[in-house]
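What follows is one structure encoded as structure tokens, with my remarks underneath.
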Amino acid sequence: MSDNSFESVCIFHILDGLREGLSHFSGNSRAALVYAPRMDSPPRIYDPQGLLRGHEPRLMEHYLGSDAWRAPECTSSDVTFLDESEYKDLQLAGIIPFGGRSRGLQYQMWFTEEHPDMCSLGPTRRWMEYAVRLFAQNYELQNVRNVDTAGYVLQNCASHAIRDYIVDARSEMGFLDTRIRVYPFLDAVLGISRTKEEGAWPRGRLVVIEPDDLGLVRFICRFPQNERPRLTDFKHVRKMLQAVEYSGRVLVSDGRDIVGIAIGAMPGAYLAAQFGGSRGSLMLKDELVCTFTDGNFHSRNLKANLVQLEEILLESRLEMESQHQMMRLVHALVNRVRDRRHGCTLILDLGHMLVPTAGQRFEVPPDLREPGQIKLACSLAKIDGALHIGADLKLHGFGCLMDGRSVPGENRGRGARFNSALRFTAENENLVVIVVSSDRPVSIIQNGIELTAACDWRQMAGCPTPPLLADWLEG
């Protein structure tokens, strides 16, 4: 197999594995690569799904307008990762870059999407670090039988990426000599999250403290050394979590056993898992590292993504203060409804004249800016039908029905709420409908179109030779 042919196959499998793995971790994700085998080589690009389209001027300036990205020849077979300053120089909005240099591959820079609802970029960067290492190693070895394996490895790296990020972050905090093993903790978090007790999902907080810092913990009670539940005994730990549900108390572990129950601030660079039913959050001190649900880790936070609504409000005739209050009210309503695991529909009527809706009305519409009215609205959201909220931030009706003529884009798999919202907004201007499903997805619909629809990127096929960056920039 020629060098160019192997290069194409190697890049295809590694990028496809990276893209597939990150899509499971963060939602639909694309990936791209800019590389130069030698420092005098012209840069090449592989961007099969158009991730870097729209950034052509900055790429041209960085790679073709300057040689600052080139460096003295790297003679080490081990990979040297690029400095943070080199990522900042690129200045690509919404893109996460990560790259390195090695003897066999003098320059490589990988790119993927920075989703707006990501908890932390750390695990994704560690994931891209694996891609850098695998590309450098396989490019130097030139063994085509290893390439397939490299792609499969990158598809299932969530726990490894999270573990490596936590270890690196704790090292930067000064915890180089640690007795906490992160892998067993991550396994325990997923194992406990999948374990029901009397039909209920786990709730409560589990904290892992460095054994040397246990003396600084404010324990309510401690368990005898020989009677402590093992962290690996998921069923036992799940039962113990019942003692800290809906309280300020936490289960404290030394990384191996459950030491006791405590309250107050925790010392050191502790790890924490907050169980909230069928989902939860993984923390390093006060930093949200990732979330977990359905037995898997994810980079997405647990908050509703309402970016499209914010853009709609900015283009509306509402005053800035009203826009801010509307966003605050919708965030509160959506997140409370999602936490209670029932769906609802919100009709945001942004026009001066309210659109007539068939539903239950009030003698005096409650002002949702007043204390306590949000809780009332959340309770009314349980009733079949939609909440009708006006531009005056008042609740004008509940249990409202939506209907209209059939429109393109209807999906029987999405249920009556979704399809009714498509029809209703298609026939009424100045309306935005927010559909919150009981399984947590949030859809924002306007003019008969779902603005939050995920884009299905075309699948990559074949192993084309990556073009020169200069040719790619020309179109």
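Miscellaneous remarks
- Per residue, the chain reaches -10000 deg cm²/dmol at 222 nm when only DSSP H runs of four or more residues are counted, each adding -39500 (n - 2.57).
- Spacing of the modelled spin labels on residue 60 and residue 353, each 7 Å from Cα toward Cβ, amounts to 5.1 nm.
- Our summary gives the chain a relative contact order of 14 percent, counting only alpha carbon pairs under 8 angstrom and 6 or more residues apart.
- At R0 = 35 Å, FRET efficiency that the Cβ-Cβ distance of residue 195 and residue 175 yields, to 0.05: 0.75
- Eligible aspartates and glutamates near residue 382 by straight Cα distance, threshold 17 Å, same-chain separation 8 or greater: 339, 439
- Relative contact order of region 307-450, defined on C-alpha pairs under 8 angstrom at six or more residues apart (%): 26
- Once the Kirkwood radius over Cα pairs is known for the chain, the Stokes-Einstein relation at 20 °C and 1.002 mPa s delivers a diffusion coefficient of 84 µm²/s.
- Extension gain for residue 88 to residue 361 (0.36 nm times residue separation, less C-alpha to C-alpha distance): 92.9 nm.
- Counted by neighbouring Cβ atoms within 10 Å, the residues 183, 63 run from fewest to most as 183, 63.
- Count Lys and Arg as plus one, Asp and Glu as minus one, and take only other residues whose Cβ is under 11 Å from that of residue 183; the net charge is then 0.
- Sum of side-chain charges, residue 444 neighbourhood, beta-carbon under 12 Å (Lys, Arg +1; Asp, Glu -1): -3
- In plain terms, the chain from residue 40 to residue 375 could stretch by 114.1 nm, reckoned as 0.36 nm per residue minus the Cα-Cα distance.
- Counted by neighbouring Cβ atoms within 10 Å, the residues 39, 266, 283 run from fewest to most as 39, 283, 266.
- C-alpha center-to-center spacing [region 277-339, region 152-178] in angstrom: 26
- Rounded to the nearest 5, the antiparallel percentage of DSSP beta bridges internal to the chain is 90%.
- At 0.890 mPa s and 25 °C, Stokes diffusion of region 403-444 via Kirkwood alpha-carbon radius, µm² per second: 231
- Space enclosed by the convex hull of the alpha-carbon atoms of region 182-268, per residue, Å³: 87
- The charge dipole of the chain, taken about its Cα centre with unit charges on the Cβ atoms of Lys, Arg (+1), Asp and Glu (-1) only, comes to about 1940 debye.
- Euclidean distance between Cα centres, region 344-407 to region 69-90, Å: 56
- Region 307-450: translational diffusion in µm²/s, Stokes-Einstein, Kirkwood Rh over Cα pairs, 10 °C, 1.306 mPa s: 106
- The Cβ shell under 11 Å around residue 365 holds other residues with a net charge of -1, Lys and Arg each +1, Asp and Glu each -1.
- Of interest is the spacing of the C-alpha centroids, which for region 130-150 and region 191-262 amounts to 42 Å.
Every number here is computed from the coordinates shown, using simple stated rules; none is lab data. No experiment lies behind these values; they were computed from the predicted model shown. Every residue, glycine as well, gets a Cβ built from its backbone with ideal geometry; the counts of neighbours run over all protein chains shown.
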